[in-house]
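The structure appears below as structure tokens.
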Amino acid sequence: MAKLDTQSAATTFAVAATAAATTYFLTKRHFEKMMVTKRSEAYQRDRAEAEIVEVERTAAKLPTGIKLENATPIDVYLWDLEQLGKYFKPEGVGIENKMFALAREETADAKAGKEAAHRANYNKLIGKNECIVANIRRKPGSNEAVRAYVRAGPRAQLHFNPKTVNAAIVTCGGLCPGLNNVIREITRTLYFMYGIQGKVFGIVGGYKGFYDPKTPPIILNPENVENIHHEGGTILGSSRGGFDMEKIIDFIKSKNIRQLYVIGGDGTHRGAFKIHETCMEKGLNVAVAGIPKTIDNDVDYLDRSFGFITSVEAAQSAIRAAKVEASCNLPNGVGIVKLMGRSSGFIAAHATLGSGDVDLCLVPEVPIVLEGPNGCLPHLWRRVKKNGYAVVVVAEGAGEELLGESTETDASGNKKLPQIGEFMKRAINDYFKKQGEEATVKQVNSLFTAVKHIRKFAHTFDCFSMYLRYIDPSYMIRSVPANATDTLYCMQLAQNAVHGTMAGFTGFSVGLCNNKMCLLPIPELVATSPRQMDPKGRTWERILAVTRQPNTI
């Protein structure tokens with residue numbers, strides 16, 4: 001009997017447990033359905049309210065989205081530009097600014113030197129004080145004043161009469177992909193968009209080409225610049241130094257130059273602004289425009305410099321070669337690639353991120369620690385032990401805290417840099433020997449490529465003996481032709497430089513800011529150049545994630 005009572009109790013308990021579980025699951029399911037229904041109703045209600053608000057905003061011509069309180073700038077300060085029209089009577093009064101397109105036809109008139117032409121309206125002309133705001137990042141409470149840049153583009157009013165324009169173009173400093181593209185597009189814009197009837201002088205060999213009888217200027221026209229964008233370097237040649245204000249002004253006067261286009265870095269731009277100031281002091285109606293050129297991407301305020309993307313792309317070949325060298329040379333292969341980057345490591349960093357094969361990236365902005373918990377040498381040791389090889393990318397200006405700053409300078413006043421590539425090669429070899437092993441360290445170089453390039457231009461500039469030295473990949477990446485992205489950018493820079501000078505702006509430079517073409521006053525542009533990569537920014541954060549190297553900041 002007791003046994004039956006026990007079985008009955010167990011059965012009763014089981015039935016009760018089952019009922020309770022069933023009730024729990026049914027109740028839970030019921031409440032889940034209620035929550036789904038509530039969420040759906042809330043979503044539909046919010047959508048209906050949003051549609052009503054959208055209709056109201058559209059009627060009031062307000063932008064879509066949620067209005068943020070206290071997130072608008074108090075004041076906008078425009079970086080204004082010098083305008084020749086304030087001091088000289090405009091020569092283009094009454095001339096409607098339309099796009100001048102030449103249709104060269106083999107007709108009797110064309111053979112006689114007359115060309116059929118037609119003009120087309122610009123899709124948009126830039127108005128007075130139209131600008132691009134510099135700081136586009138906003139957050140609640142950040143209602144501080146902001147600066148803005150003059151928007152680039154054609155203006156309705158011309159300062160110069162295209163019939164009387166003579167122009168000059170000069171390239172200074174080191175080589176950079178896209179130099180020929182800029183020369184080509186300035187020339188074509190002057191002739192094809194504005195229909196100038198004067199001459200375009202190409203100044204050979206940098207600033208000294210204004211007066212050096214060994215390198216007389218050449219006349220540029222659409223025919224002789226037609227295919228130069230397919231070649232690296234610059235057809236005008238380039239050099240450092242040679243700035244002689246009196247002789248430059250004499251050339252401007254003798255050739256009746258009305259527009260001067262200077263392609264170069266921050267030092268070259270400082271020289272360009274001095275030319276602008278001297279022209280104003282001497283009463284010369286001359287527009288001076290700069291086009292920023294720095295392979296290191298270190299001109300401040302610009303999204304990027306022309307040629308930078310091409311250089312990062314070209315560096316990939318050197319990195320791949322370093323990987324092959326390191327992986328095939330036993331034991332413990334390490335490949336070192338030295339890239340350009342005097343004060344900033346943008347090329348080294350972006351080449352590293354674009355490759356995915358780099359184990360260590362060294363840049364000027366981040367101190368190099370050789371040994372210890374954050375040492376780069378123990379990190380390389382671990383990578384070699386795991387993979388059998390390692391790849392190092394180093395910017396040429398890295399490691400001054402180890403090697404010291406040089407007191408020597410080049411013709412442009414830039415300090416000469418210590419040989420960080422050779423130093424790292426020795427340091428890696430020594431560290432591996434301390435561990436009782438041998439390392440096979442290869443520094444990738446391309447002497448044949450560089451010498452071939454130098455020989456091509458040596459007869460023109462008599463510089464073969466001076467430049468024949470040990471060449472590393474840093475000089476490969478600056479001598480290649482511009483890729484498609486930089487070709488487009490060079491065209492935009494050149495066209496907008498011409499638009500600016502034709503409108504009478506002077507002492508300005510042109511560049512991409514917040515993905516919009518802008519005109520910037522040269523003094524402001526060079527005041528904070530060269531810029532550096534933020535060692536606490538996103539780019540360096542990504543480097544650490546890709547290479548897994550220790551952070552020494």
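The values are calculated or read from the model by the stated rules, or taken from the named source; none is laboratory data. Just so it is clear, the structure is predicted and the values come from calculations on it, not from any experiment. Here Cβ is always computed from backbone atoms with ideal geometry, including for glycine, and neighbour counts include all displayed protein chains. We work out accessible area using only protein heavy atoms, side chains counted, and drop any ligands, DNA or RNA first. Shrake-Rupley method; radii C 1.70, N 1.55, O 1.52, S 1.80 Å.
The set of residues in the stretch 173-208 being part of a strand (DSSP E or B) and either open to solvent by 10 Å² or more (accessible area, probe 1.4 Å) or hydroxyl-bearing (Ser, Thr, Tyr) (or both) consists of Phe201 alone. Selection over the stretch 536-553 of residues that are in a loop (DSSP other than H, G, I, E, B) and open to solvent by 40 Å² or more (accessible area, probe 1.4 Å) gives a count of 4.
Among the conditions (1) open to solvent by 40 Å² or more (accessible area, probe 1.4 Å); (2) at pLDDT below 80; (3) of a type in the set (A, V, I, L, M, F, W, C), Val441 misses just one, which is (1). Scanning the stretch 354-390 for residues that are touching a Pro at 6+ places or on another chain (Cβ under 6 Å) and open to solvent by 50 Å² or more (accessible area, probe 1.4 Å) gives a single hit, Asn374. In the stretch 231-242, the residues that are of a type in the set (D, E, K, R) form Cβ pairs under 7 Å with partners that are buried (at least 21 other Cβ atoms within 10 Å of the Cβ) and assigned to a loop (DSSP other than H, G, I, E, B), at six or more places apart or across chains, as follows: Arg240/Gly173. Looking only at the stretch 101-123, decide whether some residue is surrounded by 10 or more Cβ atoms within 10 Å (Cβ to Cβ), modelled with pLDDT of 85 or more, over 22 Å from Ser509 (Cβ atoms) and not aromatic (Phe, Trp, Tyr). Checking the stretch 101-123: at least one residue is surrounded by 10 or more Cβ atoms within 10 Å (Cβ to Cβ), modelled with pLDDT of 85 or more, over 22 Å from Ser509 (Cβ atoms) and not aromatic (Phe, Trp, Tyr). Name the single residue, out of those in the stretch 308-357 being assigned to a loop (DSSP other than H, G, I, E, B) and small (Gly, Ala, Ser), that is nearest to Ile420 (Cα to Cα). Looking at the filtered set, the residue picked out is Gly341. Lys247 meets all of the listed conditions (1) more than 20 Å from His276 (Cα to Cα); (2) at pLDDT 95 or above; (3) of a type outside the set (A, V, I, L, M) but one, namely (1). Filter the stretch 496-534 down to residues that are in a loop (DSSP other than H, G, I, E, B), at pLDDT below 95 and of a type outside the set (S, T, N, Q) and give me whichever is least open to solvent (accessible area, probe 1.4 Å). Looking at the filtered set, the residue picked out is Met533. Can you find even one residue in the stretch 283-301 that is touching an Asp or Glu at 6+ places or on another chain (Cβ under 7 Å) and in contact (Cβ under 8 Å) with a residue 60 or more places away in the chain? Yes; the residues of the stretch 283-301 include at least one that is touching an Asp or Glu at 6+ places or on another chain (Cβ under 7 Å) and in contact (Cβ under 8 Å) with a residue 60 or more places away in the chain. Take Phe273 and decide whether it is among the aromatic types (Phe, Trp, Tyr) and buried (at least 24 other Cβ atoms within 10 Å of the Cβ). Considered against the rule, which asks whether it is among the aromatic types (Phe, Trp, Tyr) and buried (at least 24 other Cβ atoms within 10 Å of the Cβ), Phe273 comes out as no. Once the stretch 393-412 is narrowed to residues that are open to solvent by less than 70 Å² (accessible area, probe 1.4 Å) and of a type in the set (Ser, Thr, Tyr), the residue that is modelled with the lowest pLDDT is Ser412.
Could you identify the single residue in Gly195, Gly153 that is closer than 21 Å to Phe100 by Cβ and touching a Phe, Trp or Tyr at 6+ places or on another chain (Cβ under 6 Å)? The unique qualifying residue is Gly195.
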